[in-house]
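Written out below as structure tokens is the structure these notes cover.
Each value in this text was obtained by applying a stated rule to the coordinates, not by laboratory testing. A quick note: this is a predicted structure, and the numbers were derived from the prediction, not measured. Glycine also receives a Cβ, built like all others from the backbone with ideal geometry; neighbour counts cover every protein chain displayed.
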Amino acid sequence: MFKTLRDAWMIKDIRKKLLYTLFMIIIFRLGSAIVVPFLDTSVVSSWMETKATGGNFLEYLDIITGGALSQATIFSLSITPYINASIIMQLLTYALPPLERLHQEGEEGQKTINKITAAVALVLSAFMSFAYYMTLKNSMGAVTTYDSKAANVFVAFVIILSFVAGTSVIVWMGNRINDKGIGNGISMILFAGILARFPVMAGTLAELTKEEPQRYFFESLGVLLLFIVMIGFIVFMNASERRIPIQYAKRVVGRKQYGGQSTHIPIKVCMSGVMPIIFAMSFMSLPSTIELFKPLYDSPVGFWQNFYNGFINFFHTNSLSYAVIYFILIIAFNYFYVSMQYNPIEIANNLRQNNGGIPGIRPGKPTSDYIQRVLSKITLVGAFFLGIIAIFPIVLTKLDPALSSLAMGGTTILIVVSVALETVRTMESEMMMRHHKGFLE
């Protein structure tokens, strides 16, 4: 990877793209330090320290925003509305025929879908900004209030508009990186936000080691070694694939012979990436979100109070029930996401139309059934891989509650490594386009 970066830096065009991407990331980090007016950031930070713990959804949002959420800056929502809008549009593309037709129109159709996604992201950002404002006002008490009702309405308008504007600026920066930078713009901003939190996690380990060196010295080394092993495991699983052999029939036209070559269909083990984890986490965050607006009863009396407390405790992020349900949901969402991305019937039809087939398997339905069986096995392996990565922070917190601040470590590492690998592949393809050998050489 470092050799690729060095070689890419030597090419003027790629160096400009790298510098442009770095410039956008610096703007993103500067914006993450600009505080929204009329807010007491110390109150927000104190509240987030107590509530955004144990790997819950609030901590996940704080990590992917690079800590901007806990500081109440203009980039507090970061790219979360755009990610949610992209997920919704991906689901609707396979559910609504008009969107499916747009998806099949190629580049022009994709541009229309991108515009619709941006509009949905704007609506979601307005809704999430209002919800975050209500949390800042009612749960945290961090909003400055005045005696005048008009002044309070103006304060609410400024705060909500600041969050919406911050999200719009981030989406704009992501699109600019797509046009003039390297890699996927939204992924690069997400990558930068997560990396900004890694020094905080490392500082937590260093502080614990300094306070209790006899206990945490070897434990910190073990955690670091475990993270290194996890990075290697993620890289290995990202590159792993199952190759289905394909043989094309020979065809003679005049004096020329066509076909007859052997190839394969690659099926990646980790085809869906981190999306099933995000889906499952969004679903499992609902009870924690309810608890933010209505805390547990201090003195449980009556059936409904006991039921509510039991329901919230059952879905607590550090409970065994939460880990089991979380793991099962990741497997289910992984199968769901792969089924949307991969169509065995379409692949079998394309093979038959091009005089291709799998050795030992008849064309048509037997071919699609064989591909479906292989896909199901590979999907299960990938789902278990994602599940292990996702529940790793829960197991780590169970072993030592003091390490709860390292929660979401597996998921964040998965995102960082995936984005880094994809960026390196993009740079390699850019260099190949500029250094291919001509027929005169």
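For a quick check: with amide H placed at 1.01 Å from N, whose amide H comes under 5 Å from R242's, ignoring anything fewer than 5 positions away on the same chain?
Amide H neighbours of R242, under 5 Å, 5+ apart: I267, K268, V269.
Which ordering of Y146, Y60, Y342 is given by a fewest-first count of other beta-carbon atoms within 10 Å? Please report the intermediate quantities before stating the final value.
Values: Y146 11, Y60 22, Y342 18.
Listed from fewest to most nearby Cβ atoms, that is Y146, Y342, Y60.
Subtract the Cα-Cα distance of L92 and E346 from 0.36 nm times their separation in residues, and report this length gain in nm to one decimal. Don't skip to the answer; put the middle values down first.
Numbers: separation 254, 0.36 × 254 = 91.44 nm, distance 1.98 nm.
Between L92 and E346, full extension yields 89.5 nm more.
With each label point set 7 Å from Cα along the Cα-Cβ vector, what nm distance links N175 and T41?
With each label placed 7 Å out from Cα toward Cβ, I get 2.9 nm.
Given R₀ = 51 Å, what would the calculated FRET efficiency be for N152 paired with M433, taking r from the Cβ atoms and rounding to 0.05?
Efficiency at R0 = 51 Å is approximately 0.35.
So what are the ³J(HN,Hα) numbers for the stretch 388-398, from phi and the Karplus equation (6.51, -1.76, 1.60; θ = phi - 60°), rounded to whole Hz, Gly and Pro as x?
5, 4, 6, 8, 4, x, 5, 5, 5, 5, 5
Under a plain spin-label model, where a point goes 7 Å from the Cα along Cα-to-Cβ, how far apart in nm are A126 and Q353?
About 4.2 nm, to one decimal.
What are the ³J(HN,Hα) values, in whole Hz, obtained from phi via the Karplus relation 6.51 cos²θ - 1.76 cosθ + 1.60 with θ = phi - 60°, for each residue of the stretch 230-245 in sequence order, with x given for Gly and Pro?
5, 4, x, 5, 5, 4, 4, 5, 5, 8, 6, 7, 9, 9, 8, x
Under a crude label model (7 Å from the Cα following the beta-carbon direction), how far is I228 from E107 in nanometres?
Rounded to a tenth, the inter-label distance reads 4.6 nm.
Ranking V120, V143, V169, V36 by Cβ neighbours within 10 Å, fewest first, what do you get?
Numbers: V120 18, V143 22, V169 15, V36 25.
The most exposed by this proxy come first: V169, V120, V143, V36.
Based only on other Cβ atoms within 10 Å, what is the fewest-to-most ordering of R197, R243?
Numbers: R197 19, R243 10.
The most exposed by this proxy come first: R243, R197.
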